[in-house]
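Have a look at the structure below before the remarks.
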Amino acid sequence: MRYIVTGADGKLAGRIAENMLKAVGGENLTFTVWSKKRVPSAKLKRWESAGVRVFEANYDDIDSLRRAFKGGNRIYIVSGLEVGKRVQQHKNAIDVAIEQGISHITYSSFIGATDPAYAHLDVTPDHTATENYLKSTGHPYTAMRNNLYLENYLTMYPMLARMSNDVWASTAMEGRATLIAKDDAAAAATAVLLGKGGDRTSFNVFGSEAISVRELCNLVNEVSGMNLIYDPVPDEEYYQYLEKLHIPRTITGDFSRSPVPFSGNDIVSNDASIRDGLLNIESNDVEFLTGKKAKTARDIVQDSAYVWEDNVTNWSQMH
């Protein structure tokens, strides 16, 4: 059995790659990366020494996908970052996986992907289109519908606050959400990639506690000794806050000075979805798949201490 993990140089798929290396051994694995230069040399050497086949591949390059997917049996396809462009990119990966005889596809989707109540969120339509396409193929698949990641709220948002005179603005107001830790999202995806879950076509990958952004800000202050000030603001004021940090409003904007790869539309609509209660949904799917309860913010907050201790100022510096 050969398992393929795409985007193994990324933050989520990289965790899945390491899980799979422990579970089945390198001789049964193929990892794809955008560029081998993005992978620390020691890690790349460790993978290859363990027998992993490592390919440079991206969803725009069909030939690179064919080379990487050849001989695979089950695959994890991580969603791309380019909102608006990634539907075709995902279709390319799905088509090549089916063409190469891969028997099952695991895809990293988003909460509410097939629920019209979530259609207005900036990131949802791409996932909706991808899930609909997967269903239309008739090919066996499982969509991992992840909530927003806890780590983003413990790393990116404190970073932006420190760059904004210690003001942590948000349209989340006092809403709550069952945010998921990336380690738990990765563990759940690993289980499905290995075959757990049977014929189910989707899992809701949510955290075990509902927490507000204000509480996350307070938690970061508690463990760091900082005095970040939580500032609940309306949408337009939040856009202005982000634009002062050179974060463009749309995905087609100028990201040359932006500290993060996400647009204002993405960030504002995500926080607004917390405000509106769309992300405060319970699920025990993580525990079902992994045998463990999902971690809380307090469980993992110390893992983010490097952000304020090392004065991180860009997404690329985050783990």
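Ranked by the mean number of other Cβ atoms within 10 Å of their residues, highest first, the peptides 163-172, 238-247, 206-215, 130-139 fall in the order 206-215, 163-172, 238-247, 130-139.
Would you mind checking the pairs Lys135/Lys244; Lys45/Lys135; Lys11/Lys196 and listing those with alpha carbons more than 31 angstrom apart?
Check vs 31 Å cut-off fails for Lys135/Lys244; Lys45/Lys135.
On the protein heavy atoms, probe 1.4 angstrom, tell me the percent of accessible surface of the chain carried by carbon and sulfur. Exposed carbon and sulfur together represent 47 percent of the surface. Here's the picture: charge each Lys and Arg Cβ at +1 and each Asp and Glu Cβ at -1 in the stretch 111-175, and of Tyr133, Val123, Ser164 the one pushed furthest to the positive end of that dipole is Tyr133. Charge dipole of the stretch 41-105 (Cα centre as origin; +1 on each Lys and Arg Cβ, -1 on each Asp and Glu Cβ, all else neutral): 300 debye, rounded to the nearest 20. Of the peptides 6-15, 60-69, the ranking by mean beta-carbon count within 10 Å, highest at the top, reads 6-15, 60-69. Its Kirkwood hydrodynamic radius, worked out from the mean inverse distance over all distinct Cα pairs, puts the stretch 225-279 at 12.1 Å. Geometric descriptor of the stretch 165-244, per residue, is 138 Å³ (volume of the convex hull of the Cα atoms). Computed over the chain, relative contact order equals 17 percent, with contacts defined as Cα pairs under 8 Å that lie 6+ residues apart.
About its Cα centre, the stretch 1-138 has a charge dipole of approximately 620 debye under the convention of +1 per Lys or Arg Cβ and -1 per Asp or Glu Cβ, with nothing else charged. For the chain, the mean projected area of the C-alpha convex hull, equal to one quarter of the hull surface, is 15.0 nm².
Can you flag which of Lys22/Lys70; Lys37/Lys292; Lys85/Lys293; Lys22/Lys295; Lys85/Lys182 are past 27 Å Cα-Cα? Too far apart for the 27 Å limit: Lys37/Lys292; Lys85/Lys293.
Sorting the segments 177-190, 116-129 by their residues' average number of neighbouring beta-carbon atoms within 10 angstrom, most packed first, yields 177-190, 116-129.
The values are calculated or read from the model by the stated rules, or taken from the named source; none is laboratory data. Everything numeric in this text was worked out from a predicted model, so none of it was measured. No Cβ is skipped: glycine too gets one built from the backbone with ideal geometry, and neighbour counts run over all protein chains shown. For the accessible areas, the whole protein counts, side chains as well, though only heavy atoms, and no ligand, DNA or RNA atoms are used. Shrake-Rupley method; radii C 1.70, N 1.55, O 1.52, S 1.80 Å.
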